[in-house]
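Please read the structure below before turning to the comments.
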Amino acid sequence: MQKVIEGKAYVLGNNIDTDQIIPAERLVYSLSDPEEKKNYGRYALSGVPAPAAGLPDGNHAFVKEGDRRSEYAIIVGGKNFGCGSSREHAPACLQIAGIQAVIAESYARIFYRNSVDGGFFIPLETTTPLIDEIRTGDRLSVDIGAGTVTNVSAKRQYPLKPLGDVLEILEAGTIFEYAKKAGMLPKDS
Amino acid sequence: MGMTLTEKILSAHAGGKSVRPGDNVWVDVDVLMTHDVCGPGTIGIFKRQFGKNARVWDREKVVIIPDHYIFTSDPHARRNLEILRDFVKEQGLPYFYDAGTRNYKGVCHLALAQEGHNRPGEVLFGTDSHTCTSGAFGMFSTGIGNTDAAFILGTGKLWVKVPETMYFEFNGTFPPYIMAKDIILQVIGDIGVDGATYRTMEWGGDAIAKFSMEERMTLCNMAIEGGGKNAVIEADDTTLNYVRRRTQKPYTVHRSDKDANYCFKKVYNAGAMEPVVAKPHSPDNKALVKECQGVRLDRSYIGSCTGGKITDFKAAAQLLKGKTVKIDTFIVPATKEVEDDLHKEKIGGQSLMDIFKNAGAHLGPPSCAACLGGPQDTFGRTQAEEVVISTTNRNFPGRMGSKKSQVYLASPYTAAASALTGRITDPREFL
């Protein structure tokens, strides 16, 4: 697991649901085919209404027209991030677009679990809301070991909640590697 | 300290040792369900992790129910169905309800119940967030992603954090114009879309006990819209009568202990409930129907795992019989069995199917259809700025297709009453 993550922030509001993260009509692409799955990068966050896309101003494309990767590495969200569907396409599309960490006030359970068990990115939580503190495009530095996120652009630092139980899985990589370490799966499977 | 129903089921599947909320346990899985949207990705991970010649842990415990993108010409969606077919053939899976065959069922959550895969006391995981529906049968059921599902396919196990339980009790008798959909929208409005996050929503009280299995499924179905991990209702005679007609497999009925610990309890007076809607764009954006009375609508949609069961259509038909709808009205039975029942069930000598046709409604084949938008050619999908009243479960921006459309979630009674006027209408005007 990467201990320090740096990059530009993309800021979203509360209750960002999986239909906004990846609209259902896009769920037809293969997640197993390396070339076809790049489509998920192209359509990541394409369901977010324009005024809410990249706060505070809105109207920031997460992925530029025709691209399959985002210029942003970190998403900052509010409460209940990833609510709705169990579609693993949601955390997968963010990873495919280049997201390395999501920092939210809280998560919906299945999205959080999928992010961890599939090893897509590190889902971090903050003790206070950050969506009014950080602007889309701000440069952030996340230090997992120190448990902080620094807004390099605004020179401000905020604490992160400890990762707790899921740290072991994130460090292992996915639920499969974790299960091998825990003796649930044979090491050579 | 005693255990709640959910804790007891998880305990029984984690080697029998006592469990408490917050414990992480590995549980043995009784049923894994997947469908056409998440099955192909699950199969891909299973093969990568366990090898291309790997076999599933137990063929009898895997259920595959294509239901999402069935009636579309989208080539990727067609290809995904082929991936399921190849896998079923390769693994020799007995429970595959394939599209385009006589074995096709329709929406997985109702098909699981109708085909006898829901059994009290069992642990069922599904690659769909509405898998919590099965909790209506006194079992533990919840939605998971492809990675977790692939892990189960190979091992028959999954780690679970034992949830705290919230208890919602309804006593007395619901008025005749109130449906389970009104109750779940009321409760989600009360607790918010994250009010039950990481928790179980357990339903009880004598008013809930009077609900049919279909209505109980509606209650449990939308637990996820409150953030719930699972929902559960203790099995009773209504449950067992339903289950015994559909499976010979044995099962265990668990009950909450008297001294079980609940993190939250709320008691409602069933007789005081009012018809409610969830306004755009969130399932907790609750309002009484009478507060929205008169909002102009473009269409009414009655279908999905939430609102496309036979009880939902009986309710709608009661209002639509002998009348004509004023707006585009879409009728989508959740499963083939429900579709067949639309021909068999009659009100005043007329089949429900005829009632809907005569009222001018559009009838679609059983599937998830426009509940989640889907490919462009999906039946009932919104394409522009439509204002919709719908018996489905989510009204997030773009959920039914177009980001510009607005969706009001409501009961089948309210959706039918509103279809007759073209405006949001309290069903009491027609009952």
Of (1) of a type outside the set (A, V, I, L, M, F, W, C); (2) more than 9 Å from chain B (Cβ to nearest Cβ); (3) within 17 Å of the chain's Cα centre (by Cα), A:Arg26 fails just (3)
Restricting attention to the stretch B:115-125, does a residue exist that is modelled with pLDDT of 95 or more, within 23 Å of the chain's Cα centre (by Cα) and within 14 Å of chain A (Cβ to nearest Cβ)? yes
Regarding the stretch B:198-209, can at least one residue be identified that is of a type in the set (Asp, Glu) and over 14 Å from B:Cys132 (Cα atoms)? yes
Strands (runs of 3 or more DSSP E) contained in the stretch B:197-294 and holding at least 2 residues farther than 23 Å from B:Asn118 by Cβ: B:264-269, B:276-278, B:286-288
Considering only the stretch B:101-153, how many residues are under 25 Å from B:Arg244 (Cβ atoms) and aliphatic (A, V, I, L, M)? 9
Taking the stretch B:179-202 and the residues there that are among the small types (Gly, Ala, Ser) and crowded, with 24+ Cβ neighbours inside 10 Å, the one that is farthest from the chain's Cα centre (by Cα) would be B:Ala196
Among the helices (runs of 4 or more DSSP H) contained in the stretch B:322-431, which hold 3 or more residues that are surrounded by 18 or more Cβ atoms within 10 Å (Cβ to Cβ), assigned by TED's automatic domain parsing to the domain that holds B:Leu288 and of a type outside the set (A, V, I, L, M)? B:336-344, B:412-421
Of the numbered conditions (1) within 14 Å of another protein chain (Cβ to nearest Cβ); (2) surrounded by fewer than 22 Cβ atoms within 10 Å (Cβ to Cβ); (3) under 19 Å from A:Gly118 (Cβ atoms), A:Gln2 satisfies every one except a single condition; which is it? (1)
Residues A:Tyr107, A:Tyr40: which one is closer than 16 Å to B:Val37 by Cβ and crowded, with 20+ Cβ neighbours inside 10 Å? A:Tyr40
Does at least one position in the stretch A:70-78 carry a residue that is in contact with a helix residue (DSSP H, G or I) (Cβ under 7 Å, 6 or more places away or on another chain) and facing chain B (nearest Cβ under 10 Å)? no
Given the conditions (1) in a helix (DSSP H, G or I); (2) under 28 Å from B:His281 (Cβ atoms), every one holds for B:Asp194 apart from (1)
Could you tell me whether any residue of the stretch B:167-178 is over 17 Å from the mean Cα position of the chain (by Cα) and under 21 Å from B:Thr142 (Cβ atoms)? yes
From the residues in the stretch B:295-321 that are more than 11 Å from B:Ala419 (Cβ to Cβ) and part of a strand (DSSP E or B), which one is least open to solvent (accessible area, probe 1.4 Å)? B:Gly303
Just for the stretch B:19-51: of the residues that are acidic (Asp, Glu), closer than 30 Å to B:Thr247 by Cα and surrounded by fewer than 24 Cβ atoms within 10 Å (Cβ to Cβ), which one is farthest from the other protein chains (Cβ to nearest Cβ)? B:Asp30
Scanning the stretch B:207-226 residue by residue, those open to solvent by 10 Å² or more (accessible area, probe 1.4 Å) and in contact with a helix residue (DSSP H, G or I) (Cβ under 8 Å, 6 or more places away or on another chain) turn out to be B:Ala209, B:Phe211, B:Ser212, B:Glu214, B:Glu215, B:Ile224
Residue tally, condition surrounded by fewer than 15 Cβ atoms within 10 Å (Cβ to Cβ) and either assigned to a loop (DSSP other than H, G, I, E, B) or in contact with a Lys or Arg (Cβ under 7 Å, 6 or more places away or on another chain) (or both), over the stretch A:153-164: 5
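Quick one: in the stretch B:29-53, which of the residues that are aliphatic (A, V, I, L, M) and in a loop (DSSP other than H, G, I, E, B) is nearest to B:Glu90 (Cα to Cα)?
The residue in question is B:Val37.
Does A:Tyr178 satisfy the criteria of being open to solvent by less than 50 Å² (accessible area, probe 1.4 Å), within 14 Å of chain B (Cβ to nearest Cβ) and either closer than 29 Å to A:Leu55 by Cα or out of contact with any strand residue (DSSP E or B) (no Cβ under 7 Å at 6 or more places or on another chain) (or both)?
yes
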Taking only the stretch A:120-148 into account, find how many residues are assigned to a strand (DSSP E or B) and touching a residue at least 60 places away in the same chain (Cβ under 8 Å). 6
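The values are calculated or read from the model by the stated rules, or taken from the named source; none is laboratory data. Just so you know, these numbers come straight off a predicted model, no measurement behind them. Virtual Cβ from ideal backbone geometry, glycine too; neighbours counted across all protein chains shown. Side chains included, ligands, DNA and RNA excluded: accessible areas come from the protein's heavy atoms. Shrake-Rupley method; radii C 1.70, N 1.55, O 1.52, S 1.80 Å.
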